[in-house]
Amino acid sequence: MVYRIASSLIGVSLVCLCLFAAPLFAFSENDLARLDVIKSCAYCDLTYVNLTEANLADANLRGAALDNAILAKARLINANLSGATLTDTNLEHANLTGANLANANLSRAKLSGATLANAILSGTVWIDGKRCKRGSIGKCGQ
C-alpha cells in the first residue's frame, strides 16, 4: 500500500515538473542568440521567449514559432519605416501589447489568442495580405 502511494506521488510529481518547467525552457538558446546577433531567425523556435521592449527592426522571423512569446513594447520597425518580416509566423497567444508593428509583414501569420492592445499596426500587411489603414492601433483597420 505504501509503495503504491509513493509510486503515485512520484508519478504525479514528474508530470507536474514536466508541465510547469516546459514553458521555462521552450525556446532554443541558439535561435535566440542568432536573432540577437544577425536579426534573422527564420523558422526558429522562440516559443515562450521574453522579448519585451526588444529592438527587432528589420528582423526576419518568417515561419518562426513565437507562440506564447512576450513581445510587449517590442519595436519591429526601423528609422526608414521598414517593418519586420513575420510571414507565416506562429504568434498564437503571444503578448504584443504596445508593440510597434507598423509596416511589418504578418501575411499568413497565426494570431489566435494574441494580445494586440495598443499595438501599432499602421501600414502592416495583415494576415489576409491586405494592408492596415494608417492610424490602426490594437486592431487592423482595412
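The values are calculated or read from the model by the stated rules, or taken from the named source; none is laboratory data. Note that the structure is predicted; figures quoted are calculated from it, not measured. Methodologically, a virtual Cβ is constructed for each residue, glycine included, from the backbone with ideal geometry; neighbour enumeration extends over all protein chains shown.
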Problem set entry | Filter pass, N105 being of a type outside the set (D, E, K, R) and over 17 Å from E53 (Cα atoms) | yes
Problem set entry | Single condition L61 does not satisfy, out of (1) surrounded by 22 or more Cβ atoms within 10 Å (Cβ to Cβ); (2) out of contact with any helix residue (DSSP H, G or I) (no Cβ under 9 Å at 6 or more places or on another chain) | (2)
Exercise. Looking at (1) touching a helix residue (DSSP H, G or I) at 6+ places or on another chain (Cβ under 8 Å); (2) buried (at least 22 other Cβ atoms within 10 Å of the Cβ), can you tell me which one N68 breaks?
Worked result: (2)
Problem set entry | Residues of the range 22-65 satisfying the condition of being aromatic (F, W, Y) and at pLDDT 70 or above | Y43, Y48
Exercise. Among the residues of the range 59-68, is there at least one that is assigned to a loop (DSSP other than H, G, I, E, B), under 19 Å from G123 (Cα atoms) and in contact with a Ser or Thr (Cβ under 6 Å, 6 or more places away or on another chain)?
Worked result: yes
Seminar exercise, completed: Output for Cβ contacts, cut-off 8 Å, separation at least six or different chains, first residue over 20 Å from N78 (Cα atoms) in the range 113-139, second in a strand (DSSP E or B) and at pLDDT 95 or above, reads A114/N95; T115/N95; I127/K110
For this session: Hey, can you tell me all the residues within the range 108-142 that are closer than 18 Å to A54 by Cβ and outside any loop (DSSP other than H, G, I, E, B)?
Result: T115, I120
